[in-house]
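Since the structure comes first, as structure tokens, the remarks are kept for the end.
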Amino acid sequence: MVEPTEPRREIVLEGVELTLLGTAHVSRASAEYVRKLIKAGGYDAIAVELCRSRFNALMDPKSLSQMDLFSVIRQGRVYMVVANLALSAYQQRLADQFGIEPGAEQRTALRLAKERDLPVMLIDREIGITLKRISANLGWWKRYGLFAGLFAAMLTSDEVTEEEIERLKEGDVLETTFAEFAADRGDLYAPLITERDRYMAAKLRHEVTRIGAKRVLVVVGVGHLKGIAEDLERVHTDPGAVLAELEVIPPPSKWPTILAWSVLGFILAGFAYGFAMGPEIGLGLLATWVLVTGGLSALGTLLAAGHPLTIATAFLAAPLTTLNPTIGAGMITSAVELYLRKPSVGDFSRLRADVAAWSGWWRNRVSRVLLVFLFSSLGAGVGAYVAGFRIVQTLFQVSAGG
């Protein structure tokens, strides 16, 4: 008999005995207790707080080598990949500081399940869906603030604070990583915790029925233990309906698109008004637009250590892409950088280790392509507003003087 050293709940669900074990993702004691429980025998299935993507990353670090960067750029998934790498960088800092990687108890559970030929249930929601629902749950200002905070965190070499460690002992790496940068954690709580509690409870009910298990060990962060247990003990409808509801990706807000097209219309009207006042004025406005948008996008590409030809491409592309809301400067510059400096297999295999240090983002060709996308896009975006302001200023001055 294994003496309990970690919080756990015993639940009987329609004849199936579930042992819900609350663990800390940075605790050797949790990993050891998982090992003792499984070795004590009696379980015919193991469930872990992982989705398929996180499972692949945990069990096969080389899975990143399968990433198609062209597809990532074309499908607009750069921000999602950068957020995932920021999470990896944070986890690597933990590993370097404490000598144990988050998820040691999950690795232990998976390894022992494989040794005993026990079925494994991955019960967490896909991290990509969770991140998109987080984004949809935040206002646009908090959304960009959150991303900026994540980007700043991946560049820091500071040690993890005691406050962060205490939150990690509550058992959720995702909550700790993302909530740190939000001014109001309530905006993050629903998609990060409450929804995932409901999702994991529904996935457990669904998977237990599917595989016909009778006694299951469920390894989850202690921060999810209470929510999952309470959800399992309630009377529920079809778990499939709950899963479908919580996997829906909210449609993007229409306001950014409306704003982008409105700004475009305003700028084009400014050009037309300038040429109506005189060719020299119109050409001057065009020159302002080209120099400011192209110059700032090229500067961003330079700061990302882009290839000289990529920098030139940024200067030429930004004045055009900023007049077309359907395509961004980053899509073009990152594609050019990828063509000019194709990442090697070694770049992909070293990616997780490299991004743990800020200098590694510039050294690794994979992450550098992502930086080129981010910085050139930021430069072009800032340039559009700066150039727009200067165009309006020029038109007012000319009108006042005329």
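The values are calculated or read from the model by the stated rules, or taken from the named source; none is laboratory data. Please read these numbers as outputs of a predicted model, since none were measured by experiment. Cβ: placed from backbone, ideal geometry, glycine included. Neighbour counts: every protein chain shown. Ligands, DNA and RNA are stripped out before the accessible areas are found, and what is left, the full protein with its side chains, is counted by its heavy atoms. Shrake-Rupley method; radii C 1.70, N 1.55, O 1.52, S 1.80 Å.
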Worksheet item: More than 25 Å apart: what percent of Cα pairs in the stretch 242-353 qualify?
Response: 45 percent
Discussion item. Once neighbouring chains are kept in place and the probe is 1.4 Å, which whole percent of the accessible area of the stretch 283-402 is contributed by carbon and sulfur?
Written reply: 72 percent
Worksheet, complete the sentence: For Leu309 and Trp358, extending 7 Å from Cα along the Cα-Cβ vector and measuring point to point gives, in nm, a value of 3.1 nm
Worksheet item: In what sequence, highest mean first, do 306-318, 249-261, 121-133 appear when ranked by Cβ atoms within 10 angstrom?
Response: 306-318, 121-133, 249-261
Worksheet entry | Ranked packing of 296-303, 35-42, most packed first, by mean Cβ within 10 Å | 296-303, 35-42
Worksheet, complete the sentence: A student applying the Cα gyration tensor rule (rounded when a/c is under 1.5; otherwise prolate if a/b is larger than b/c, oblate if not) would label the stretch 182-296 prolate
Worksheet entry | Distance (nanometres) between label positions extended 7 Å along Cα→Cβ at Tyr385 and Gln75 | 3.0 nm
Discussion item. Once you order the gyration tensor axes a ≥ b ≥ c over the Cα atoms, which shape class does the stretch 323-391 get: rounded for a/c under 1.5, otherwise prolate or oblate by comparing a/b with b/c?
Written reply: prolate
